[in-house]
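To keep things clear, I will list the structure first and then write my remarks on it.
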Amino acid sequence: MSPSATAALAGQRILLCVGGGIAAYKSLELVRRLREAGAEVQVAMTAGAQQFVTPLSFQALSGQPVRTTLWDSAAEQAMGHLELARWADRVLVAPATADLLARLAHGLADDLVTTLCLATEAPLSVAPAMNHRMWRHPATAANVALLTGRGVQVIGPDDGPLAEGESGPGRLREPEAIVAVLAAGGAPAAPPAEGLLQGMRVVVSAGPTYEDLDPVRYLGNRSSGKMGFAVAAAAARQGAQVVLVAGPVHLETPPGVRRVDVRSAEQMREAVAAALPADVYVGAAAVADYTPRAFSPSKIKKTGTGQTLALDLVRTPDILAEVAQREDAGLKLVVGFAAETDNVADYARQKLTAKHLDLIVANRVGVPGSGFESDDNAMTAYWPAGERDFPPAPKVRLAEGLVELIAQRLQA
Ligand code: PMT
C-alpha cells in the first residue's frame, strides 16, 4: 500500500456495499486493502452478493458484524441502518451491478444497500462490474450519467476478460486501483447545488440532413443523432434550457428538451436561427455539404442508354460558421464537431480557426465502435490554447464530460 493512500484514508470510516456479481469475491481483497490503508470498514451486502460470498468472510476481514438485511432486529438494536448511513465518511459500492446502478440512479430503497445509499449524506463512489453488453447498454449508460450528474464518483470498469469467457469493458477495477482512486480523489465532488449550465440557453443541432432529389430519393448521411441528443440531454440535466434542432432520426426527445424537427440543411439553418439568441450553440449535426441545385417534382427516370447520371449540386449554407459570425446571437460559446477519417487534429484545428469557433470536438469516423451510428465514441476537444482527450466511452457519458468542459470554457 502506497504511503499516500495510507495518509489519505487513515481514520476514514468507509461503508462498503457489496452487490450481487461474481466480482464480489474481489471485494474481500478490497476490505483488506482499505484496512491496510488505515480505514475503518463496515460491510453491507445485497441478497445477490450473499449468493457469491458469505457474510462471514467479510466479517472476518473487516472485524465488524456484516449487515445483510433491513429486517434484522438484533442488528438494528446495535446500530440502526440510519445510524450506519450517518456513521460513514464515504460509501463505496463494489461491485456495482447494472441492476444496482439502476436502482441507485432512480432512488429506490427496496433493500438495505439502496436504503443506506439513499439515507447517507456521505460522498458515494461506485465501482461497476458486469457483462460488457450490459455496460454498453443505453439504459446503463443513462443510469451512470444520472449518477455522475449527481456527483457520484464512478470508478472503472476496466476493459479485459470477463468471468463468462467474453472480453470487453465490465471488469471490476482491481482493489488496489480502487483504493488508489479513493485516496487520490479525496472526497468526490459534491453534487452541484445548481446545474453547471443553470438557466443558460443552449441550442444543439443533431442528426443528418436529407437533401431531396425527387419525391422518392434524397442525399443523406449516416448520422443517427445519438451524439447530439446525448449532448442536449446532458445540458438539460445541468439546468440549461435546451432547444434541439433534429434532422431525420428515430430517437426519443430527451426529458426537458424542446425539440424542433427538420429535414434539409436549409430547414436546419432556419430552425437554428429561430432558436437564437442563446448562450451556447453546439453543432453536432452532420449537415449535408451539398444539395441538388433543383428539386425534380417528378421521379428522375433512367435515360435510354445512359450508364451514368450526373447530379448538379450546390453548396449548402454553413450553419455553424454563420452562427459564429452573428453578433446579434448573444452567444458566449460556439462549439462545432468535426467528423474526420484522417489527420483528425489538423483538420479539426483548421475548422476551429476558419469557422471562428470557441471549441471543436473531433471524432474519427469510418472506424467500428466510434463516430456515426455507434453508441460509443472517442473524441478530442480543441480550443485555441488547449485540448482535451475523451477516451472511448458511451456517447451518453462523453456528452456529460463535454458539457462539463463547456461549463469550464464559459468561465475561462
Ligand atoms: O449522429 P451520430 O450517429 O451520433 O454521429 C455523431 C457524429 C459523428 C455525427 C458527430 O459526433 C459529429 O461529428 N458531427 C459533425 C459531423 C460533421 O458534419 O462534421 P463536418 O466536419 O462535416 O462539419 C463540421 C461542423 O460544421 C459541424 O459542427 C457541422 O454541424 C457544421 N456544419 C457543416 C456543414 C454545414 N453546411 N453546416 C454546418 O453547420
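Laboratory data are not the source of any read-out in this text; all were calculated from the coordinates shown. In this text, all values refer to a predicted model and were calculated from it rather than measured experimentally. Every residue, glycine as well, gets a Cβ built from its backbone with ideal geometry; the counts of neighbours run over all protein chains shown.
About its Cα centre, how strong a charge dipole does the stretch 201-322 have in debye, to the nearest 20, once Lys and Arg get +1 and Asp and Glu get -1 at the Cβ? Intermediate values should be presented prior to the final figure.
Working: 14 positive and 12 negative charges, 68 e Å.
About 320 debye.
Share of antiparallel DSSP beta bridges in the chain, in percent to the nearest 5?
Numbers: 21 of 64 bridges.
Here the share of antiparallel DSSP bridges comes out near 35 percent.
What are the equivalent ellipsoid semi-axes of the stretch 3-185, built from the alpha-carbon gyration tensor (square roots of five times its eigenvalues), in whole angstrom, biggest first? Can you show the working numbers first?
Working: eigenvalues 106, 70, 53 Å².
So the equivalent ellipsoid measures 23, 19, 16 Å along its semi-axes.
Using helices alone, I'd like the mean residue ellipticity at 222 nm for the chain: each DSSP H run of four-plus residues gives -39500 (n - 2.57), total over residue count, nearest 500.
Numbers: 16 runs with 145 residues, N = 412.
Helices in the chain give a 222 nm mean residue ellipticity of -10000 deg cm²/dmol.
Kindly write out, for the stretch 122-139 in residue order, the coupling ³J(HN,Hα) from the Karplus curve 6.51 cos²θ - 1.76 cosθ + 1.60 (θ = phi - 60°), rounded to whole Hz, with x marking Gly and Pro.
Each residue's phi maps through the Karplus curve to give 6, x, 10, 10, 10, 10, x, 8, 5, 4, 5, 6, 5, 5, 7, 4, x, 5 Hz.
Excluding residues on the same chain fewer than 8 positions from Lys26, give the lysines whose Cα lies under 30 Å from its Cα.
Filter leaves Lys395.
Stretched out fully, how many nm does the piece from Arg222 to Tyr25 gain, at 0.36 nm a residue minus the Cα gap? Could the numbers behind the result be given before it?
Numbers: separation 197, 0.36 × 197 = 70.92 nm, distance 4.36 nm.
Roughly 66.6 nm would be gained on extension.
What residues have an amide H closer than 5 Å to that of Tyr218, excluding those fewer than 5 places away on the same chain, when H is modeled at 1.01 Å from N in the peptide plane?
Hits under the 5 Å cutoff: Leu213.
May I ask you to order 372-380, 20-28 by the average number of other C-beta atoms within 10 Å around their residues, highest value first? Could the numbers behind the result be given before it?
Working: 372-380: 19.1, 20-28: 22.3.
Result, highest mean Cβ count within 10 Å first: 20-28, 372-380.
With +1 assigned to the C-beta of every Lys and Arg and -1 to the C-beta of every Asp and Glu, and no other charges, what is the dipole magnitude of the stretch 3-185 about the Cα centre in debye, to the nearest 20? Show your work: numbers first, answer last.
Numbers: 14 positive and 17 negative charges, 44 e Å.
Computed about the Cα centre, the dipole is about 220 debye.
Jot down the radius of gyration and Dmax of the stretch 355-412, Cα atoms only, both in angstrom.
Rg, Dmax (Cα atoms, Å): 11.8, 35.
Along the charge dipole of the stretch 96-182, pointing to its positive end and built from +1/-1 on Cβ of Lys, Arg, Asp and Glu, which listed residue (Ala102, Ala145, Ala119) has its Cα farthest out?
Most positive-ward Cα: Ala145.
What value in Å³ per residue do you get for the convex hull of the alpha-carbon atoms in the chain?
On the way: hull volume 69.4 nm³, N = 412.
Hull volume over Cα atoms, normalised by residue count, gives 168 Å³.
Please list 3J(HN,Hα) in residue order for the stretch 154-159, calculated via the Karplus relation 6.51 cos²θ - 1.76 cosθ + 1.60 where θ = phi - 60°; whole Hz, with x for glycine and proline.
Calculated HN-Hα couplings, in order: 9, 10, x, x, 8, 9 Hz.
Place a +1 charge on the Cβ of each Lys and Arg in the chain and a -1 charge on the Cβ of each Asp and Glu, then give the dipole magnitude about the Cα centre in debye, rounded to the nearest 20. Walk me through the numbers on the way to the answer.
Values: 38 positive and 43 negative charges, 101 e Å.
Here the size comes out at about 480 debye.
Which whole-Hz ³J(HN,Hα) couplings does the stretch 106-117 yield from phi under the Karplus relation 6.51 cos²θ - 1.76 cosθ + 1.60, θ = phi - 60°, glycine and proline marked x?
Along the stretch 106-117, the couplings run 9, x, 6, 9, 9, 7, 4, 5, 5, 5, 4, 5 Hz.
So who's got an amide H within less than 5 Å of the one on Met379, skipping anything under 5 residues away but keeping other chains? H placed 1.01 Å off N, in plane.
Phe390
Counting Lys +1, Arg +1, Asp -1, Glu -1, what net charge surrounds Val262 among other residues with beta carbon under 14 Å of its beta carbon? List each step's numbers first, then the result.
Values: positive: Arg258, Arg259, Arg263, Arg269; negative: Glu211, Asp212, Asp261, Glu266, Glu270.
Charge balance in the 14 Å sphere: -1.
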